[in-house]
Amino acid sequence: FLFLLIAAANLVLHQTVERIHVGKKYGDIPRGIFVVRGENVVLLGEIDLEKESDTPLQQVSIEEILEEQRVEQQAKQESEKLKVQALKERGLSVPRADTLDEY
């Protein structure tokens with residue numbers, strides 16, 4: 001019964017940040033107040049600040065991490081294009097990711 005009560009409660013988070021990881025770098029983007037519907041909460045925990053400070057990750061500016069993320073995504077897209085091209089050359093076809101729900 002207690003679990004059902006908690007699952008139905010919404011969360012209002014104050015001073016939230018979005019953390020983006022790319023390789024061994026990360027950047028925090030301030031997001032402010034964030035509301036999460038209780039039915040979408042699966043797990044909630046607290047960050048151990050002592051362990052977080054021991055991380056080997058390097059914090060970089062928002063601009064730098066967004067650029068790193070863009071470059072990483074572009075490299076993944078290029079790699080995917082090469083895979084699709086190689087499969088086409090072998091007579092195989094792969095459905096596009098945006099049409100997978102149609103099958």
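The values are calculated or read from the model by the stated rules, or taken from the named source; none is laboratory data. Nothing here was measured: the structure is a model prediction, and the numbers come from that model. Methodologically, a virtual Cβ is constructed for each residue, glycine included, from the backbone with ideal geometry; neighbour enumeration extends over all protein chains shown. The protein model used for the area step is the full one, side chains on, heavy atoms only, and it has no ligands, DNA or RNA in it. Shrake-Rupley method; radii C 1.70, N 1.55, O 1.52, S 1.80 Å.
Quick look at the numbers
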quantity: Verdict on residue 44 being open to solvent by 100 Å² or more (accessible area, probe 1.4 Å) and part of a loop (DSSP other than H, G, I, E, B); calculated: yes
quantity: Every pair of residues 6+ apart whose Cβ atoms lie under 6 Å, when the first sits in the range 20-34 and is under 15 Å from residue 67 (Cβ atoms) and outside any strand (DSSP E or B) while the second is open to solvent by less than 30 Å² (accessible area, probe 1.4 Å) and modelled with pLDDT under 95; calculated: none
quantity: Flag if residue 35 is modelled with pLDDT under 95, among the hydrophobic types (A, V, I, L, M, F, W, C) and open to solvent by less than 80 Å² (accessible area, probe 1.4 Å); calculated: no
quantity: Selection from the range 84-103 of residues that are open to solvent by 70 Å² or more (accessible area, probe 1.4 Å) and either among the hydroxyl-bearing types (Ser, Thr, Tyr) or modelled with pLDDT of 95 or more (or both); calculated: 93, 103
quantity: So residue 81, is it open to solvent by 100 Å² or more (accessible area, probe 1.4 Å), within 20 Å of the chain's Cα centre (by Cα) and at pLDDT 90 or above; calculated: no
quantity: Selection count, the range 47-78, where residues are open to solvent by 100 Å² or more (accessible area, probe 1.4 Å), without any contact (Cβ under 8 Å) to a residue 24 or more places away in the chain and not in a helix (DSSP H, G or I); calculated: 2
